[in-house]
Amino acid sequence: MSERTWHIVTGEYPPQIGGIADYTGRLVAALRARGEEVQVWAPGGLLPRGFGPAGLRAIGRGIRASRSTGARPVVLVQYVPNAFGMRGANVLLCAWLAWRAWRHNDDIRVMFHEPFFYFARQSLRRNALALVHRLMAALLLASARIAYVSTGSWESLLARYAAARRAFVWLPIPATVLPPDDPEGAARVRSAFIKDERTFVVGHFSSYPDDVAAELQRVLGAMLTASRDAMVLLIGRNSDRFLQKFIAAFPEHDGRVSATGEIVAGELGHHLRACDLLVQPYPDGATTRRTSLMAPLACGVPTVATLGTWSEPIWHGARDAIEFVPAGDPGAIVARCQGLANDPARRRSLGYGGRSFYEQHFTMDRTLRILCGAENDRPSVLLGVHAYPTSSPPSARRQREALTTMASLRGVRHVNMQFVAAETPPVEVDGFETVRAMELDSLTASGRMGARKPIASEVFDLLARRALEEGCRYFAYVNSDTVLSQELVNRISGGENDAYLIARTDVGDGRPPAVLISGVDGFAIHAEWWIAHRWRFRPYILGEPVWDNVYAALAVCHGRAEFVYGTGALTHERHPTQWVASPFASYVRYLSALDAPYFSLWCAYHDRLNAEIDGGRGFGAATRIALETFVWRPSPLERAIQASRCVKSWVRYMAGETAA
């Protein structure tokens, strides 16, 4: 029996027709093939009356039934705001999910396929729905343990409606079209639609929504005018309707454009491969949420698409997979298509490159790794470091030797976090993948000039997301001049805690090894736990004091965390330290004042543990002391005192900023 039961809540499900129905059907089939227990809650199935009060009670009974069998229920909502009835304004469903999360601590996850309607010069009802949709999104964000998005572009839209700091996880949208096995299928399609085999066939695949249709009409009109030997094959639902509108606008091209209309999924791949080239002009640009773009990639069909305002950075690395042109420039699309018509070698290269790019980023296997975690043959720990540039030969040697040793660790994925924008090239490390993703730094966070250092919460956010994408249960972060032991990696891989807080062991300089208890130099955190609790962690600066003490206290107060004091678990070579006044001291003091209750708990824990060690009793009582000390139950008076402390600290910090 599976350790969990997935309760999929969706507004569309086969045999219903629609993109969400196709996607959810494939997802459910893949989960069941993996051995997962799945229960689907959709209109017309288990919910004949939809998502009203009776339907919500039925879902609640299903969740309780799963829990009674010993399985952990996971509620995954396939969210499109207008898909759950009540005329697109089902606030009841969203409020009920928020109540379930608060009252029953349900593991609720929301996949945002779309966030909400936009405000615009339109009907009053449409703008009212846009407002209601934002309320619905806020309720869902409050209820969700993990918020998935189909495109990173949604993150900036949704973040403002989250009550607290939240990390979003990108969940790939696999193609709903499988590559066909029949090599003769494409030839059959060409013979049905095309009289002359020498004709160059340009295809388009979508459901022809208004925004895409308007752009497509301009592109196809210009293309057929410029290329007298070309023909267009329109593929997919509503293609026949679009054809009628196109011929009405361009009657001179009648007979050169064909449409398939609605076709069964098993035949779709043949129709795509019958085309010599697909043109996919999106007014807002290619995004990871468009299954109409995933389909030609999965089938290895050369494609021309547009880059626009919503296109994610991932597409800038897809130059060998798709020919991109700027959105809103039909002339550029026509010119690129004409060039590819005369370059069959480039078209073959794009077909192979597109298939490879899809396999790397968008397959269902990748989606399942994010949802379900690592399989037995995959690493369960993502190890992150930040290799920093240094002009000191001893410092460079210590970092190089430590990273070389950690590169040989088994059962981990190695990543080296670097800044997106830097005046100098990033520091590369053999055995570590360089990930240029950090956008925040000590300068922008504090407003002070000094050494450029990463922000702890952003680094942990990036590592948690990457861990989920790679199917790793845990991410670990250690300083780049320390060495994590293989024994501890093995322990974390098989562990069940939310966090492991690792004290370093100083070695060398002719003295015996010594475990330091004044701070925490390594963190290994369950990726899902971090995503759910990320809002508690403030943007401290890595390399400055206090942050590790506060993060450790937060982990123990709100999760199952374990301090690791084993000699050699995380080793560090002793070296002279030159202390200098930090330009970020006032910023650190400000954040530590906001987190004063947690820092006070850390100080109390440190004093008790230090007394144990001074008494010769070692670290045997560390777990008991941590459980007794890190208890977060502030009284109303303590909350009031802390609130006044926060206001006072903010005033002092802002006064200092103004003076500076």
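The values are calculated or read from the model by the stated rules, or taken from the named source; none is laboratory data. Just so it is clear, the structure is predicted and the values come from calculations on it, not from any experiment. Ideal geometry is used to build each Cβ from the backbone, glycine not excepted, and the neighbour counts take in all protein chains shown. Each accessible area value is taken on the protein alone, full model and side chains, heavy atoms only, with ligands, DNA and RNA left out. Shrake-Rupley method; radii C 1.70, N 1.55, O 1.52, S 1.80 Å.
Data overview
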{"quantity": "Percent accessible area from carbon and sulfur atoms, the chain, protein chains only, probe 1.4 Å", "calculated": "54"}
{"quantity": "Rg/Rg_ref, the range 341-404, where Rg_ref = 2.2 N^0.38 Å and atoms are Cα", "calculated": "1.93"}
{"quantity": "Cβ-Cβ FRET estimate between residue 430 and residue 589, R0 fixed at 41 Å, reported to 0.05", "calculated": "0.55"}
{"quantity": "Radius 11 Å from Cβ of residue 271, net charge of other residues (Lys, Arg +1; Asp, Glu -1)", "calculated": "+2"}
{"quantity": "Potential lengthening between residue 348 and residue 263 on full extension [0.36 nm per residue; Cα-Cα distance subtracted]", "calculated": "28.0 nm"}
{"quantity": "Paramagnetic reach from residue 245 (point 7 Å along Cα→Cβ, amide N under 17 Å) across the range 279-300", "calculated": "280-284"}
{"quantity": "Derived scalar couplings ³J(HN,Hα) [the range 429-441; Karplus, 6.51 cos²θ - 1.76 cosθ + 1.60; whole Hz; x for Gly, Pro]", "calculated": "10, 4, x, 10, 6, 7, 10, 8, 9, 6, 10, 8, 7"}
{"quantity": "On Cα atoms only, tilt of 239-249 relative to the major axis of the chain in degrees", "calculated": "60"}
{"quantity": "By accessible area with a 1.4 Å probe, ligands and nucleic acids excluded, highest first: order of 560, 491, 398", "calculated": "560, 491, 398"}
{"quantity": "Amide H contacts of residue 434 (H built 1.01 Å from N, under 5 Å, at least 5 apart or other chain)", "calculated": "416"}
{"quantity": "For the chain: relative contact order, % (alpha-carbon pairs under 8 angstrom, 6 or more apart)", "calculated": "9"}
{"quantity": "Nonlocal amide H pairs with residue 541, under 5 Å, H built at 1.01 Å", "calculated": "456"}
{"quantity": "Positive minus negative residues near residue 300 (Lys, Arg vs Asp, Glu; Cβ under 12 Å)", "calculated": "+3"}
{"quantity": "Å² of accessible area per residue within the range 443-492, as computed with a 1.4 Å probe and no ligands counted", "calculated": "32"}
{"quantity": "Ordering of 181-193, 47-59 by burial proxy (mean other Cβ atoms within 10 Å per residue, highest first)", "calculated": "47-59, 181-193"}
{"quantity": "Prolate/oblate/rounded call for the range 1-157, Cα gyration tensor, a/c under 1.5 rounded", "calculated": "prolate"}
{"quantity": "Once the Cα gyration tensor of the range 562-660 is diagonalised, semi-axes √(5λ) in Å", "calculated": "32, 23, 9"}
{"quantity": "Derived scalar couplings ³J(HN,Hα) [the range 297-305; Karplus, 6.51 cos²θ - 1.76 cosθ + 1.60; whole Hz; x for Gly, Pro]", "calculated": "4, 4, 8, x, 9, x, 9, 10, 9"}
{"quantity": "For residue 619, solvent-accessible area (1.4 Å; no DNA, RNA or ligand), Å²", "calculated": "70"}
{"quantity": "Overall Cα dimensions of the chain - principal axes, largest extent first, Å", "calculated": "92, 62, 56"}
{"quantity": "Charge tally in the Cβ shell below 13 Å around residue 553, where Lys, Arg are +1 and Asp, Glu are -1, residue 553 excluded", "calculated": "0"}
{"quantity": "Built amide H within the under 5 Å cut-off of residue 39, gap 5+", "calculated": "6, 7, 8"}
{"quantity": "For the chain, calculated [θ]222 nm from helices alone, where every DSSP H run of n ≥ 4 adds -39500 (n - 2.57)", "calculated": "-14000 deg cm²/dmol"}
